[in-house]
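Take a look at the structure set out below.
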Amino acid sequence: MWTDGTPTETHAPSQINATNSPDSEKGIQNKVIPEWKKSKAPDGGLAAWSVVLGSWCVLFCTFGWINMTGVGVFQNYYESTLLSQFSASTIAWIPSLQIFFMYAMGPVSGHLYDNYGPRYSVLFGSLLHVFGLMMCSISTKYYQILLSQGVCSAIGVSIIFQPATSVIPGWFDKKRGTAYGLMSTGSSVGGVIFPIMIQRLISEVGFAWAMRAGAFVILFLLTIANLTIRSRLSPSPRPVSRAALTQPLKETKMLLVIAGFTLLTFGVYIPIDYLVVEGLSSGISTNLSKYLLALLNAGSFFGRLGAGMIADRIGTYNVFAVVCYLAGIFILAIWIPATSTAETIVFAILFGCCSGAYVSLAAALVVKISPLPQIGYRVGLIFLFASIGGLTTNPIAGAILSYNSGSYLGMKVFAGVLLLAGTTCVFGTRLLHTGLKLVAKF
């Protein structure tokens, strides 16, 4: 367990033996210092910021692409054209599997990063992601699209996402929040560009070339990522053991973060998935409704960047708790009573600003309570549990909607309450570390 937010040396597998000294010659054994604690992060410089650039490209191509499922671009096209013979719920498994595999593969890809570094993971994941999208462009049957887009591409996304987020702490310490904030804006920019781009291309050049165009953009950006993402510290391969895999689950702080992040996933994705549909039902025009998710992602851009920069000043857990509490409050206080177009637009922007911390500070939460050599696996672990929400949020929200005869009230309450509950769990980690201190930085 940690006493001050930093791990004890017994948890670090990568160590450098201290050089012999006069004291050691007298029989006094020198203290063994882990490499990751002995070598300080540069917190800047061309090499460090180029890693952030590469990670930004990865977030653009991963979360930016996956966020497009919330707009329903593919769902609408598959229902009306390519897979019109299948039900909407059957087609919905394609985007649901994308989110599930992106999260559920986290511990595996994180463990690969911890043992072998980012180079081969980023390369292999890039090839899988692009290959899956290219295969989807020539697919005409349900099982082909499910395997190419819902499985192959999604697994590739997971494999490259973990190294991109886990490599940051090795390069940044005092400016870690800023680095994470800048990196995570890639998903917001991608979430704005990809939906507009793919929708326009489908109508102008067809589905096949729209998918290929998206794949070529992703290939270009992931090439940059492969050239820039690298680890500052040498990886230290170690065998898989039950003790190492279960250690995080024995730590109260880590358990609270996992529980909180899992609950937050349910709450965050409901507005993303249902904002457009709910807006249409409340009288928003079809043309304007297409841009609601773009407005949410635009708000998320500033929220992620701002949350990261402020976290360096007042603490990661403090910022995360404040903005996620606000996200839940905005659902209950603005989205529930919203009846006009203006109110819905205001909610989309404000919720985007606050919910941005869910992605931008997720890895930073784990870094504060974990040893650096285990960051990949531990970050992957919180996403593994979050995959439960990613897979089941849509069906649960749909069931609530049906039970309430088409009323969105119950679904909104469900999302708001779970956001508040999840944030409380995460904030519990901060209280365990600092005690009941209002202004403590953590």
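What does the C-alpha gyration tensor say about the overall shape of the range 297-353? Classify as rounded when a/c is under 1.5, otherwise prolate if a/b is larger than b/c, or oblate.
oblate
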What nm value, rounded to one decimal, do you get for the distance between residue 245 and residue 131 when each label is placed 7 Å out toward the C-beta?
-> 2.6 nm
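Would you mind working out the accessible area per residue for the chain, using a 1.4 Å probe, and quoting it in Å²? Please report the intermediate quantities before stating the final value.
Values: 18180 Å² over 442 residues.
With all protein chains present, the chain gives 41 Å² per residue.
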By how many nm would the segment from residue 144 to residue 302 lengthen if fully extended, with 0.36 nm per residue of separation less the alpha-carbon distance?
-> 53.1 nm
Please identify, among 268, 257, 277, the residue showing maximal mean-square fluctuation in a Gaussian network model of the chain using a 10 angstrom Cα cutoff.
-> 277
What order do you get for 243-253, 202-212, 390-400, 418-428 when each peptide is scored by the mean count of other beta carbon atoms within 10 Å, highest first?
-> 418-428, 390-400, 202-212, 243-253
Largest-first principal axis extents, alpha carbons of the range 286-384, Å = 50, 25, 21
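By average Cβ neighbour count within 10 Å, what is the ranking of 234-240, 355-361, 430-436 from highest down?
355-361, 430-436, 234-240
Which peptide among 306-315, 332-341 comes first, and what is the full order, when sorted by highest mean count of other Cβ atoms within 10 Å?
Values: 306-315: 20.0, 332-341: 15.1.
For the peptides 306-315, 332-341, the packing ranking is 306-315, 332-341.
I'd like the carbon and sulfur percentage of the solvent accessible area for the chain, probe radius 1.4 Å, heavy atoms only, ligands and nucleic acids excluded. Mind showing how you got there, number by number?
On the way: 12140 of 18180 Å².
Using a 1.4 Å probe with all protein chains present, the chain comes out at 67 percent carbon and sulfur.
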Picking from 143, 291, 78, which is most flexible by a Gaussian network model of the chain using Cα springs under 10 Å?
-> 143
In this structure, among 253/437; 368/437; 412/441; 40/437; 141/290; 253/412, pairs with alpha-carbon gaps over 22 Å are 412/441; 40/437; 141/290; 253/412
Per GNM of the chain with C-alpha springs under 10 angstrom, the most fluctuating residue out of 97, 46, 112 is 46
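For the chain, what are the DSSP H helices with axial Cα length of 27 Å or more and mean Kyte-Doolittle hydropathy of at least 0.0? Don't skip to the end; give the middle numbers.
Details: long enough: 119-137 (28 Å, 1.23); 176-205 (43 Å, 0.70); 207-228 (32 Å, 1.68); 252-281 (44 Å, 1.44); 292-314 (32 Å, 1.06); 375-403 (41 Å, 1.23); 409-434 (37 Å, 1.27).
Long hydrophobic helices here: 119-137, 176-205, 207-228, 252-281, 292-314, 375-403, 409-434.
Report the FRET efficiency, 1/(1 + (r/R0)^6), for residue 174 and residue 84, where r is their Cβ-Cβ distance and R0 is 56 Å, rounded to 0.05.
Working: r = 55 Å, r/R0 = 0.98.
The pair residue 174/residue 84 has a calculated efficiency of 0.55.
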Under the classification rounded if a/c is under 1.5, otherwise prolate if a/b is larger than b/c and oblate if not, where does the range 224-282 fall, given a ≥ b ≥ c as square roots of the Cα gyration tensor eigenvalues?
-> oblate
Put a dot 7 Å past each Cα toward the Cβ at residue 252 and residue 392; how far apart are the dots in nm?
-> 2.7 nm
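The values are calculated or read from the model by the stated rules, or taken from the named source; none is laboratory data. Not measured: the values here are computed from a predicted model. FYI the Cβ positions are ideal-geometry reconstructions off the backbone, even for glycines, and counts take in every protein chain you see. Please note that ligands, DNA and RNA were not included when accessible areas were found on the heavy atoms of the full protein model with its side chains. Shrake-Rupley method; radii C 1.70, N 1.55, O 1.52, S 1.80 Å.
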